[in-house]
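Colleague: Pasting in a structure now, in structure tokens, and then I'll have a few things to ask.
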Amino acid sequence: MIPSERFTGTVEHLGAVDDRSLLRWIAAIPFEDWPQQAPIDGAIRPAMVNDRAWHGFGAQSEMLAQDLLTWTTGVELGRLLSVVMPGHDIPEHVDKQAPNHWARIHLPLMSNASSVFCVGGVAHRLHEGQAYLGHLGAPHGVRNTGVTPRIHFMLDIGGQG
């Protein structure tokens, strides 16, 4: 159980999750349908999605979000999808979160052996179908030097207010 206080580690493995339903849903959506970042190299560059109406994201992810919340005494503050295409990255940064934000649960839906989540200067390989707790207050970023996209479902958790 995730304690009801801010997570100050880097990355902690939580356990296996049945993500097959969400994975089937997301795999059927072409990357061209995702909101796009500015194409600096002429290639599509899908952005993060937090709009629950997008392709039915809210309804499609509801059961998974509820399952992930069973690991915590907190409440859901938000959910999102993140895709990092092959050869791309998300530069190191620190997220600004609400004072009641405790942590973010990461669930890799699609990944590859050359995709890493770096937190506090340490590279972590997050495995598909496994949930992880991540600390957003520490410097973190993503590198995908593999040949396939990296897609994570993320759930922000926190206190009541």
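No value in this document is a laboratory result; all are computed from the given coordinates. These figures come from a predicted structure and were not determined experimentally. Backbone-built Cβ (ideal geometry, glycine too); neighbour counts: all protein chains shown.
Colleague: Between Arg52 and Thr70, what length in nm is gained on full extension when 0.36 nm per residue of separation is reduced by their alpha carbon distance? Before the final figure, lay out each step's value.
Modeller: Values: separation 18, 0.36 × 18 = 6.48 nm, distance 2.09 nm.
Length difference between fully extended and current span is 4.4 nm.
Colleague: Then there's this: Compute, for the chain, the length of the dipole vector about the Cα centre, with Cβ point charges of +1 (Lys, Arg) and -1 (Asp, Glu) only. Units Debye, rounded to 20.
Modeller: On the way: 11 positive and 16 negative charges, 30 e Å.
Magnitude of the dipole: close to 140 debye.
Colleague: Multiply the residue gap between Ala59 and Glu128 by 0.36 nm, knock off their C-alpha separation, and tell me the result in nm, one decimal place.
Modeller: Length difference between fully extended and current span is 22.7 nm.
Colleague: Would you mind calculating the relative contact order of the chain from Cα pairs under 8 angstrom and at least 6 residues apart, reporting the percent as a whole number?
Modeller: Once divided by the residue count of the chain, the mean separation gives 34 percent.
Colleague: So, one more: Please list the non-local residues whose amide H lies under 5 Å from the amide H of Leu109, H modeled 1.01 Å from N, same-chain partners needing a gap of 5 or more.
Modeller: Counting only residues 5 or more places away or on other chains, the set is Ile151, His152, Phe153.
Colleague: Read phi for every residue in segment 107-122 and hand back ³J(HN,Hα) as whole Hz from Karplus 6.51 cos²θ - 1.76 cosθ + 1.60, θ = phi - 60°, with x for Gly and Pro.
Modeller: Ordered by residue, 3J(HN,Hα) equals 10, x, 8, 9, 7, 7, 5, 9, 10, 10, 10, 9, 10, x, x, 10 Hz.
Colleague: For the chain, set up a Gaussian network in which alpha carbons nearer than 10 Å are linked by springs, and say which option among Ser61, Ser21, Ser111 fluctuates the most.
Modeller: Of the options given, Ser21 has the highest mean-square fluctuation.
Colleague: A further question on this structure: Going by alpha carbons, how many degrees (0 to 90, nearest 10) lie between the helix axis of 57-69 and the longest principal axis of the chain?
Modeller: 40
Colleague: What net charge is computed for the residues neighbouring His55, neighbours being all others with C-beta under 13 Å from the C-beta of His55, Lys and Arg scored +1, Asp and Glu -1? Walk me through the numbers before you get to the answer.
Modeller: Working: positive: Arg24, Arg52; negative: Glu32, Asp33, Asp51.
Spelling it out: positives minus negatives among the neighbours equals -1.
Colleague: What stretch of the chain, leaving out the sites themselves, is the longest with no trypsin sites (Lys or Arg not before Pro) in a DSSP loop having at most 13 other Cβ atoms within 10 Å?
Modeller: Values: sites that count: Lys96, Arg125.
Between the exposed loop sites, the longest stretch runs 1-95.
Colleague: Moving to a separate point now. Mind running the shape call on segment 1-145? Use the C-alpha gyration tensor, a ≥ b ≥ c as the square roots of the eigenvalues: rounded below 1.5 for a/c, prolate if a/b tops b/c, oblate otherwise.
Modeller: It is oblate, given that a/c is not under 1.5 and a/b is not larger than b/c.
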